[in-house]
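Take a look at the structure set out below.
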Ligand SMILES: Cc1cc2nc3c(=O)[nH]c(=O)nc-3n(C[C@H](O)[C@H](O)[C@H](O)COP(=O)(O)OP(=O)(O)OC[C@H]3O[C@@H](n4cnc5c(N)ncnc54)[C@H](O)[C@@H]3O)c2cc1C
């Protein structure tokens with residue numbers, strides 16, 4: 001690879017990097033993307049939920065051509081205790097219409113297609129190449145060093161979108177290794193099942209999908225959750241918990257996933273399925289307090305590399321795409337001004353502050369920590385909810401007044417009403 005100079009180098013062809021490359025290339029910039037996988041998505045084997053609003057702002061009417069699995073018409077949360085669960089959800093078949101709200105994808109297919117759109121817009125994608133370090137000159141980032149012979153690349157601006165393990169951000173000293181309370185460890189399987197079986201089991205039509213999220217005993221009360229998402233001919237089944245909790249518990253994530261899969265309610269959904277893929281991955285959950293500097297002279301950092309995940313709403317891909325899109329736009333602004341210093345690139349942070357990305361991350365900055373310090377939300381409260389609803393629905397000749405008295409007595413034995421009030425007020429305050 002000969003030494004070359006571009007307007008923009010993007011490192012990583014995940015949702016953040018491809019959104020940045022597509023935006024910058026569409027704006028007429030000379031863009032190169034460096035991706036370590038054999039093809040974009042090759043290393044990103046997760047299935048998951050993506051969001052249409054973000055995609056539409058990048059590729060209008062993308063759903064006509066993109067390799068989507070299923071459009072989500074029902075999202076349901078289960079609070080699990082023992083063999084039972086309290087659930088709440090929302091189902092609306094209109095979400096299957098154009099434009100969809102959110103949808104499942106298999107990243108190996110979706111990322112590849114998404115990157116092809118960036119290529120069609122003019123971005124040059126180099127695969128099977130690892131960006132090893134940033135090249136700096138006079139306090140400014142001017143390029144990257146890759147693992148290829150003579151593989152140095154130069155650009156006016158480098159967009160760092162290499163995911164949670166960001167080699168570049170760590171190597172450049174923007175942040176140290178993530179601490180165990182700043183990342184969750186997720187394990188996940190793709191379980192194949194015939195299309196008709198999935199549609200029958202989840203009560204959906206062709207093209208429609210559901211997301212089920214499970215909290216409480218499935219993670220042994222640790223902060224995190226488990227999930228089942230429907231793809232066309234498979235289910236994405238996984239579980240993630242804060243690494244710090246996991247280390248303290250001494251439990252192995254695969255054991256937790258196996259236990260989750262054997263829960264009677266989940267086993268019935270997976271019955272007859274065959275595991276096709278298996279993966280483990282970190283999810284950045286440190287939020288704004290763990291963020292590296294988002295920009296500097298000659299660089300911007302997007303997506304997981306910048307800790308942009310809202311774990312409470314399972315939104316990482318859309319924050320990645322939004323930050324990538326904004327970085328692409330700011331690269332164009334910098335080109336127009338011929339100024340790639342912090343003077344112009346600080347616009348990246350300003351625009352992120354006006355978008356849902358930093359607004360949501362600021363709003364929920366303390367929520368995960370609050371739950372970590374108040375683990376009864378995921379252990380005692382599922383137990384109490386189970387007891388209360390079991391008692392309420394059990395027809396045993398007792399009057400409803402008597403049932404409510406029994407429920408209140410048992411609740412008070414476990415935790416005073418005053419403390420319960422304080423717990424939920426604290427949660428409310430930490431989500432404001
Ligand atoms: C199990 C699991 C389930 C999830 N479910 C959801 C979900 O349902 N919805 C949702 O919105 N989010 C979900 N997320 C989070 C979501 O996957 C991420 O937030 C999102 O992928 C971040 O995009 P990104 O482009 O920043 O990083 P990534 O998707 O990680 O992409 C980074 C890219 O950079 C490449 N790369 C890395 N290092 C280098 C290097 N040195 N040189 C060259 N290339 C490099 C990688 O190969 C990769 O292609 C989930 C995460 C996990 C682990």
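Any residue that is in contact with a strand residue (DSSP E or B) (Cβ under 6 Å, 6 or more places away or on another chain), closer than 23 Å to residue 202 by Cα and either within 16 Å of the ligand (Cβ to nearest atom) or in a strand (DSSP E or B) (or both) - is there at least one of those in segment 264-273? No.
Yes/no per residue for (1) within 15 Å of the ligand (Cβ to nearest atom); (2) closer than 19 Å to residue 89 by Cβ; (3) under 17 Å from the mean Cα position of the chain (by Cα); (4) at pLDDT 95 or above:
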site	(1), (2), (3), (4)
212	yes, yes, yes, yes
216	no, yes, no, no
225	yes, yes, yes, no
230	yes, yes, yes, yes
236	yes, yes, yes, yes
249	no, no, no, no
252	no, no, no, no
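Criterion applied to 167, 185 was being free of Cβ contacts under 8 Å to residues at least 60 places away in the same chain and within 14 Å of the ligand (Cβ to nearest atom), and the one residue passing it is 167. All conditions but one from (1) closer than 20 Å to residue 210 by Cα; (2) at pLDDT 95 or above; (3) surrounded by fewer than 16 Cβ atoms within 10 Å (Cβ to Cβ) apply to residue 137; the one that does not is (1).
As a summary of the residue check, residue 109 satisfies the conditions (1) in contact (Cβ under 8 Å) with a residue 12 or more places away in the chain; (2) in a loop (DSSP other than H, G, I, E, B) except for the one numbered (2). Please indicate, with yes or no, whether at least one residue in segment 144-157 is farther than 18 Å from residue 298 by Cβ and in contact with a helix residue (DSSP H, G or I) (Cβ under 8 Å, 6 or more places away or on another chain). No, the conditions are met nowhere in segment 144-157. A search for C-beta distances below 8 Å between a residue of segment 11-25 that is within 17 Å of residue 144 (Cβ to Cβ) and near the ligand (Cβ under 6 Å from one of its atoms) and any residue that is in a helix (DSSP H, G or I) and at pLDDT below 95, counting only pairs 6+ apart in sequence or on different chains, returns 11/168. In segment 11-62, the qualifying residues are those that are farther than 19 Å from residue 282 by Cα and part of a strand (DSSP E or B), and the one that is modelled with the lowest pLDDT is 51.
The values are calculated or read from the model by the stated rules, or taken from the named source; none is laboratory data. All of these numbers come straight from a predicted model, not from anything done at the bench. With ideal geometry, Cβ positions are generated from the backbone for all residues, glycine too; neighbour counts draw on all protein chains shown.
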